[in-house]
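First up is the structure itself, then whatever we jot down about it.
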Amino acid sequence: MRNNKKEVDRRRTFGIISHPDAGKTTLTEKLLLYGGAIQQAGAVKARKAERYATSDWMAVEKERGISVTTSVMKFNYRDFEINLLDTPGHQDFSEDTYRVLTAVDSALMVIDNAKGVELQTEKLMEVCRMRNTPIMTFINKLDREGMAPLDILDDIESKLQIECTPLSWPVGMGKRFKGVYNLYKKELHLFAPGGETRHREGILINDLSVSTLDEILGSQADELRADIELIEGVADPFDLGHYLKGNQTPVFFGSAINNFGVKEMLDAFVETAPAPGSRASVTRDVSPYEEPFSGFAFKIQANMNPAHRDRIAFIRICSGKFTRGMKAVHHRIGKDVTFSNATIFMANACENVAEAYPGDIIGIHNHGTIKIGDTFSEKELLKFCGIPNFAPEFFRKVILKNPMKAKHLQKGLTHLAEEGVVQVFRPVAGNDYILGAVGLLQFDITMARLTSEYGVDAVYEPVDYHVARWVASDDPKKMADFEQKNRSNIAVDAEGARAYLTTSEWQLDYCIKEWPGIAFNKTREISEKDLLFQK
Ligand code: G4P
């Protein structure tokens, strides 16, 4: 017990939640520069540009090599070892984006100063809320005109239902942006545009009434004084406990592109964000300090060579210590596996890993044997919870052009559903395959892989579903009645769970009111079948 304590406590595993264009890539790059993981600005950006130059499948295919390495970026900062898990956000927004958040210990929310809270951030926040993930906030692009800082905080509080506590406060914005005042260190940081790697120390100003402040900020000194007086009156003070429970978010202001305000936030992040904690399994909570190794798969990525069905499963380590060549049990299939060549993800490369600790992510090569949510552990039978399926928002019907390939289609879709590429539903009334996704690119990937890996010749047809919920009830009679009356809207997913598919949120709300006693779930947790630890 506890022989890995030092390593666990210095790890920070997090993801960034934001809406496209808020500045996630720019901020990531600055963080990696501080960590010394990349040498020059532009490295992450260049990859992103390549990635979005075209959205066709071949481009995605070529990009796989890169996206594997950018999926997890590991870097060191001060005494901390940081794992930054990428949350794909543009066209490649998908269930993976949600699932990454099931594998982090905290999140960083980036908000565009001019836009406030946007849709994708709201969606990702919902996922964070499922596990009460602590969230730190960076309000970006203060070098441009935007919303008044208090209005942004209001926007966050009302749309995301989380209390904001500013730890820094901006002095002006846009052309009048002079810098930020760090409220807990009582330091004024003056803004200088274009600072790629430079970082200037703050000026200690314990007492805002000093005349130095007027000399530095001119007429804006009084504005700052008034702002600080106001927020000290209205904002709740930082409370570590509230932050760790996901009820309060500390807020920093800055400009990622100018590398301004980033270091202060990073310092506060490593000091306050949680190290890996206990993780719930079906039977008990597993502490990271326990000696036996355990971990779970949260993402599966097809590798470069489709012919070999070569996959990398991303495993988040939850306890113990991973060592190269060690054995663990793959519980769902009841087999021992030897981890002879696990990969660890560095910011700019994949490396063979000799040892890894809770919070780290290792990549395990396999040929399609690992499913999302699979648990690996050294001794005890464990099944980690909290890696659900998320209700799809887009749907397509698959039309097979060559009926001789029906078996291939079934096999392909089963595999792709297990990998989490797409969700597969079969209506109880009919033989169709209805695919569901949270991002449209998932359909392109599915079709390209069905063709290239399974020899399936098929096309999509639109289908008039826009909402899905998994349905369940404690009352079997009620459930049977519900199914009977809504037969044309009931479908069974790849794990045999029943879902209600419908045309609109309005229809869903109507149905929910009509059927008290039936639960309509936005996520589906592990199935009964998994709970049996089948051998
Ligand atoms: P994302 O990953 O969240 O999608 O955002 P990304 O970092 O790519 O940033 C989106 C745009 O916002 C980029 O501009 C980027 O340069 C800009 N940006 C990021 N941080 C700041 C900031 O602090 N201030 C200002 N003014 N702009 C910022 P772009 O025009 O889309 O790309 P580029 O031509 O600059 O590369």
Step by step: find N for the chain, compute 2.2 N^0.38 Å, then divide the Cα radius of gyration by it. What's the final number? 1.02
Other-chain or far-sequence residues with amide H under 5 Å of C164's (modelled H): T249
Within the accessible area of the chain (1.4 Å probe), percent carbon and sulfur: 51
What does the extension gain come out to for V210 and A114, with contour length at 0.36 nm per residue minus their alpha carbon separation? 31.4 nm
Over the heavy atoms of H408, what accessible area does a 1.4 Å probe trace out, to the nearest 10 Å²? 80
How much solvent-accessible surface does Y433 expose, in Å² to the nearest 10, with a 1.4 Å probe and all protein chains in place? 30
For C511 the rounded accessible area (nearest 10 Å², probe 1.4 Å, non-protein molecules ignored) is 10
How high is the relative contact order of segment 388-525, given as a whole-number percent (alpha carbon pairs under 8 Å, six or more residues apart)? 32
Checking the cross-link filter: which lysines have an alpha carbon closer than 22 Å to that of K513, excluding same-chain neighbours under 8 positions apart? K477, K478, K485, K522
Karplus 3J(HN,Hα) series, Hz, for segment 370-379 with 6.51 cos²θ - 1.76 cosθ + 1.60 (x for Gly, Pro): 9, 10, 4, x, 4, 10, 10, 8, 6, 10
Among the DSSP beta bridges whose two residues both lie in the chain, what percent are antiparallel, rounded to the nearest 5? 75
Added length on full extension, which subtracts the Cα-Cα distance from 0.36 nm per residue, H367 to I512: 48.0 nm
May I ask which residue of G89, C385, G363 lies farthest towards the positive end of the charge dipole of the chain, with charges of +1 (Lys, Arg) and -1 (Asp, Glu) on Cβ and the Cα centre as origin? G363
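For segment 235-336, which trypsin sites (Lys or Arg not before Pro) are in a loop by DSSP, counting at most 10 other Cβ atoms within 10 Å?
Qualifying residues, ordered by number: R284.
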Expected unfolding gain across S158-D457 under the 0.36 nm per residue rule, minus the alpha-carbon gap, is 102.8 nm
In nm, give the distance between the simple-model label positions of T283 and A480, each being 7 Å from the Cα along the Cα-to-Cβ direction. 3.5
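If you filter segment 438-485 for chymotrypsin sites (Phe, Trp or Tyr not before Pro), then keep DSSP loop positions with at most 14 other Cβ within 10 Å, what is left? It would help to have the intermediate numbers written out before the result.
Numbers: sites: F443, Y454, Y460, Y465, W470, F482; in loops: Y465.
Sparse-neighbourhood loop chymotrypsin sites (Phe, Trp or Tyr not before Pro): none present.
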At 1.4 Å probe radius, can you tell me the per residue accessible area of segment 388-525 in Å²? 48
Per residue, how many Å² of accessible area does segment 65-174 show with a 1.4 Å probe? 30
Phi-derived 3J(HN,Hα) across segment 412-421 with the Karplus relation (6.51, -1.76, 1.60, θ = phi - 60°), rounded Hz, x for Gly and Pro, is x, 5, 4, 4, 5, 5, 5, 6, x, 5
What are the residues whose amide H is under 5 Å from the amide H of T87, where those residues sit 5 or more places off or on another chain and H is modelled from the backbone? I16
Through the Karplus equation 6.51 cos²θ - 1.76 cosθ + 1.60, θ set to phi - 60°, convert the phi angles of segment 278-283 into ³J(HN,Hα) values in whole Hz; use x for Gly and Pro. 5, 10, 6, 10, 4, 9
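The values are calculated or read from the model by the stated rules, or taken from the named source; none is laboratory data. Being a predicted model, the structure only gives us computed values, none of them experimental. Every residue, glycine as well, gets a Cβ built from its backbone with ideal geometry; the counts of neighbours run over all protein chains shown. When the accessible area is computed, the model is the full protein with side chains, heavy atoms only, and any ligands, DNA or RNA have been set aside. Shrake-Rupley method; radii C 1.70, N 1.55, O 1.52, S 1.80 Å.
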